[in-house]
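The values are calculated or read from the model by the stated rules, or taken from the named source; none is laboratory data. Every value quoted in this text rests on a predicted model; they were computed, and no experiment measured them. Note: ideal-geometry Cβ built from the backbone for every residue, glycine included; neighbour counts use all protein chains shown.
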């Protein structure tokens, strides 16, 4: 992933964002929660919306 700082910002904001997403990914063993939390963080910062498709057999519980 590559981040470019917006004018008037520094890299600390991006590092904080990456730390928050990393924490969200590592905070649960539940596949749905693991995908839902980072998506909620990413959408307001990097995107207008987010879609995650899980194929049958791609999760640890199924």
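Looking only at the range 33-51, count how many residues are loosely packed, with under 10 Cβ neighbours inside 10 Å and over 20 Å from residue 15 (Cα atoms).
3
Pairs please, first residue from the range 48-62 and over 11 Å from residue 35 (Cβ atoms), second anywhere and at pLDDT 70 or above and surrounded by 10 or more Cβ atoms within 10 Å (Cβ to Cβ), Cβ atoms under 7 Å, 6+ apart in sequence or on different chains.
49/43; 60/31; 61/31
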